[in-house]
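Here's the structure we're looking at; comments come further down.
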Amino acid sequence: MPSIVACAKTTTPRDRVRDVAAGLFADRGLDGFKMRDLAQRLGVSVMTPYRYFENKEAILACVRAHGFACLADALDQVLGGGSLEERVAGLATAYGAFATAEPARYRLMFALAPAQVPGVAEVRRQERRVEDAFAAHAAGFVAAGPSCADPGALGRLLWSTLHGVAVLHLGGQLPQVDLTDALCQAARALAIACAGTAPAVTTGTAA
């Protein structure tokens, strides 16, 4: 079973259900996930997980929200000053470490799931925390160099790019590449490219 390691110490029965369920989702996907199999892995009665979650979709939402929360925490922890190179290295190292230490959970975070299930609002809230963390890093890039980029837009572009590199690496498409180095190169290239762009033109109705 893939190892799903909590970013904080598991202290409640609900957390344990979430973490054990993450391994089952990683093994079998949403369609193959059965509540009775979860109960068996937990060593409890089949009805026990229902004390904490309405159904398997709600559990997956909780697993995903927890993953995004852990990623946001990891990115927040490396926010700081320094040169552009130092800032890029901090972001790339944190993102790469999270993705490689938690590959099964990382994939689950981006799994397709029903849009309207209990817990989806928390998923969206934690996703926004990650987006905000990337925007904060991008603002640091702008502060460290002559960039004309909007931090919010650059942050979203950074996340999209680093995610793509991480997925390729975890999928074996970049087997000979060190992930942290690849992430650093991608983030640096974006920062340098944005530094050389003209300010964005705002369109609107002519007077």
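The values are calculated or read from the model by the stated rules, or taken from the named source; none is laboratory data. Just so it is clear, the structure is predicted and the values come from calculations on it, not from any experiment. A quick note on method: Cβ atoms are made from the backbone with ideal geometry, for glycine too, and the neighbour counts reach across all protein chains shown. Just the protein is used for accessible areas: all its heavy atoms, side chains included, with ligands, DNA and RNA removed. Shrake-Rupley method; radii C 1.70, N 1.55, O 1.52, S 1.80 Å.
Tabulated data for the structure shown
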{"read-out": "First in the range 97-108 and over 17 Å from residue 175 (Cα atoms) and small (Gly, Ala, Ser), second anywhere and open to solvent by less than 20 Å² (accessible area, probe 1.4 Å) and in a helix (DSSP H, G or I), Cβ under 9 Å, 6 or more apart", "value": "104/22; 104/23; 104/25"}
{"read-out": "Selection status of residue 78, of a type in the set (A, V, I, L, M), touching a residue at least 12 places away in the same chain (Cβ under 8 Å) and surrounded by fewer than 21 Cβ atoms within 10 Å (Cβ to Cβ)", "value": "yes"}
{"read-out": "Any hit, the range 118-128, residues being over 20 Å from residue 184 (Cβ atoms), among the acidic types (Asp, Glu) and open to solvent by 50 Å² or more (accessible area, probe 1.4 Å)", "value": "yes"}
{"read-out": "Test: residue in the range 28-38 that is assigned to a loop (DSSP other than H, G, I, E, B), at pLDDT below 95 and within 20 Å of residue 106 (Cβ to Cβ)", "value": "yes"}
{"read-out": "Answer from 79, 75 - the residue that is in contact with a His (Cβ under 8 Å, 6 or more places away or on another chain), assigned to a loop (DSSP other than H, G, I, E, B) and within 24 Å of residue 141 (Cβ to Cβ)", "value": "79"}
{"read-out": "Some residue of the range 15-25 being open to solvent by less than 20 Å² (accessible area, probe 1.4 Å), at pLDDT 90 or above, in a helix (DSSP H, G or I) and more than 30 Å from residue 162 (Cβ to Cβ)", "value": "yes"}
{"read-out": "Residue satisfying condition, being assigned to a loop (DSSP other than H, G, I, E, B) and in contact (Cβ under 8 Å) with a residue 24 or more places away in the chain, within set 54, 127", "value": "54"}
{"read-out": "Extreme residue, surrounded by the most Cβ atoms within 10 Å (Cβ to Cβ), among residues of the range 140-188 that are within 13 Å of residue 91 (Cβ to Cβ) and over 19 Å from the mean Cα position of the chain (by Cα)", "value": "141"}
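Yes or no, residue by residue, for (1) under 19 Å from residue 87 (Cβ atoms); (2) of a type in the set (D, E, K, R); (3) in contact with an Asp or Glu (Cβ under 6 Å, 6 or more places away or on another chain); (4) at pLDDT 90 or above:
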| position | (1), (2), (3), (4) |
| --- | --- |
| 141 | yes, no, no, no |
| 162 | yes, no, no, yes |
| 168 | no, no, no, yes |
| 191 | yes, no, no, no |
| 200 | no, no, no, no |
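Residue-by-condition table, conditions (1) loosely packed, with under 14 Cβ neighbours inside 10 Å; (2) under 15 Å from the mean Cα position of the chain (by Cα); (3) closer than 18 Å to residue 188 by Cβ:
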residue: 37; (1), (2), (3): no, no, no
residue: 54; (1), (2), (3): yes, no, no
residue: 59; (1), (2), (3): no, no, no
residue: 64; (1), (2), (3): no, yes, no
residue: 69; (1), (2), (3): no, yes, no
residue: 89; (1), (2), (3): no, no, yes
residue: 95; (1), (2), (3): no, yes, yes
residue: 100; (1), (2), (3): no, yes, no
